[in-house]
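Each remark here refers to the structure printed beneath this line.
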Amino acid sequence: MKKTTLIKEGKAKRLYNTDEKDLVWVEYMDQATALNGKRKDHIAGKGELNNQIDCILFEQLVAKGIHTDFVQKLSNNEQLNRKVKIIPLEVVVRNAASGSFQRKFDVSYLQAFDQPVVEFFYKSDELDDPFINTNQAIALKIIDLEESQRLEKMALEINQILKERFAKAHLQLVDFKVEFGKTADDEIVLADEISPDSCRLVDLTTKESLDKDVFRKKTGDLVTVYQEVLNRLNNSQEEVHV
Ligand SMILES: Nc1ncnc2c1ncn2[C@@H]1O[C@H](COP(=O)(O)OP(=O)(O)OP(=O)(O)O)[C@@H](O)[C@H]1O
Ligand SMILES: [Mg+2]
């Protein structure tokens, strides 16, 4: 397997074509951004940490039956994925109040919900990724009703698996964002990445943040915190039979 042409350089990853047309080579970069890319820092080691964390989580999801774009880890900062057409929605699942939900409804930090909340945001740089409800997404032909139900169901299943996996690492999964894509044969699969860039994680006991919030709020060292997440996941490794 060889990487060939660059398809896209995003804020966190570079995607390359490979000599197999349905596969993409993904390189995680040493870059962190906040405020939708307006703040951008080089952070040595971040790419390797996020790729390793993402591989552990995707391997766990695959083992539990979730269909994903994940194929294999290639190196500490590279992995091979199935090439998909990304559905332009950020699917957010929340188990407790934080971030935009906490601000919007003026509720207390980490207020627990009786059941998880699923939200969609429209992936549009020009519009600043606005909140979008199901009917709006259907009207804009981003998805149809059946697909919206599928996304919500998959998001909740993913939440359950991740919540349990993180709990083994003594971490509470407060919320997270995922993206889905369609494969060449039109199957919806989980795609993109799951890492402390896209999850809110707090220590189960102390409620200390172990995610990108330390970078956004400048309250801690990103590499130290992401390394801690990776160590905890490695030290609570489950038997994975794929
Ligand atoms: N398996 C895949 N096939 C095709 N594209 C993918 C796949 N996985 C992720 N992508 C896309 O790769 C791009 C690069 O990822 P990165 O996270 O760096 O982007 P980003 O800066 O967050 O940009 P965006 O706003 O497009 O999400 C993103 O557009 C992402 O949606
Ligand atoms: Mg991204």
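The values are calculated or read from the model by the stated rules, or taken from the named source; none is laboratory data. Just so it is clear, the structure is predicted and the values come from calculations on it, not from any experiment. A quick note on method: Cβ atoms are made from the backbone with ideal geometry, for glycine too, and the neighbour counts reach across all protein chains shown.
Details
- Comparison of Lys40, Lys11, Lys73 shows that the only residue that is within 15 Å of ligand 1 (Cβ to nearest atom), on the phi < 0 side of the Ramachandran plot and assigned to a loop (DSSP other than H, G, I, E, B) is Lys11.
- From the list Ala63, Ala97, the lone residue that is crowded, with 19+ Cβ neighbours inside 10 Å, touching a residue at least 12 places away in the same chain (Cβ under 8 Å) and more than 16 Å from the chain's Cα centre (by Cα) is Ala97.
- Flag for Val223 being within 17 Å of Ala34 (Cβ to Cβ) and surrounded by fewer than 19 Cβ atoms within 10 Å (Cβ to Cβ): yes
- Tally, over the stretch 23-37, of residues that are more than 10 Å from ligand 1 (Cβ to nearest atom) and not in a strand (DSSP E or B): 2
- Residues of the stretch 10-29 satisfying the condition of being within 15 Å of ligand 2 (Cβ to nearest atom) and either touching a residue at least 24 places away in the same chain (Cβ under 8 Å) or touching a strand residue (DSSP E or B) at 6+ places or on another chain (Cβ under 8 Å) (or both): Lys11, Ala12, Lys13, Arg14, Leu15, Val24, Val26, Glu27, Tyr28, Met29
- Taken together, the criteria exclude Lys217 from residues that are touching a residue at least 40 places away in the same chain (Cβ under 8 Å), over 30 Å from Glu146 (Cβ atoms), outside the structural domain of Asp69 (by TED's automatic domain parsing) and surrounded by fewer than 22 Cβ atoms within 10 Å (Cβ to Cβ).
- Selected residue (criterion: nearest to Val225 (Cα to Cα)) from residues of the stretch 9-26 that are under 15 Å from the mean Cα position of the chain (by Cα) and buried (at least 16 other Cβ atoms within 10 Å of the Cβ): Ala12
- The lone exception for Gly47 - which of (1) within 13 Å of ligand 1 (Cβ to nearest atom); (2) more than 20 Å from Leu233 (Cβ to Cβ) it fails: (2)
- Residue selection: Lys177 satisfies the criterion of being under 22 Å from Asn81 (Cα atoms), in contact with a Ser or Thr (Cβ under 6 Å, 6 or more places away or on another chain) and within 16 Å of ligand 1 (Cβ to nearest atom).
- Options Asp129, Asp54, Asp125: the member that is part of a loop (DSSP other than H, G, I, E, B), touching a strand residue (DSSP E or B) at 6+ places or on another chain (Cβ under 8 Å) and within 16 Å of ligand 2 (Cβ to nearest atom): Asp129
- Residue satisfying condition, being touching a Pro at 6+ places or on another chain (Cβ under 8 Å) and either outside the structural domain of Asp185 (by TED's automatic domain parsing) or not β-branched (Val, Ile, Thr) (or both), within set Asn50, Asn36: Asn50
- Answer from Leu190, Leu201 - the residue that is away from ligand 2 (no atom under 16 Å from the Cβ), crowded, with 24+ Cβ neighbours inside 10 Å and more than 9 Å from the chain's Cα centre (by Cα): Leu201
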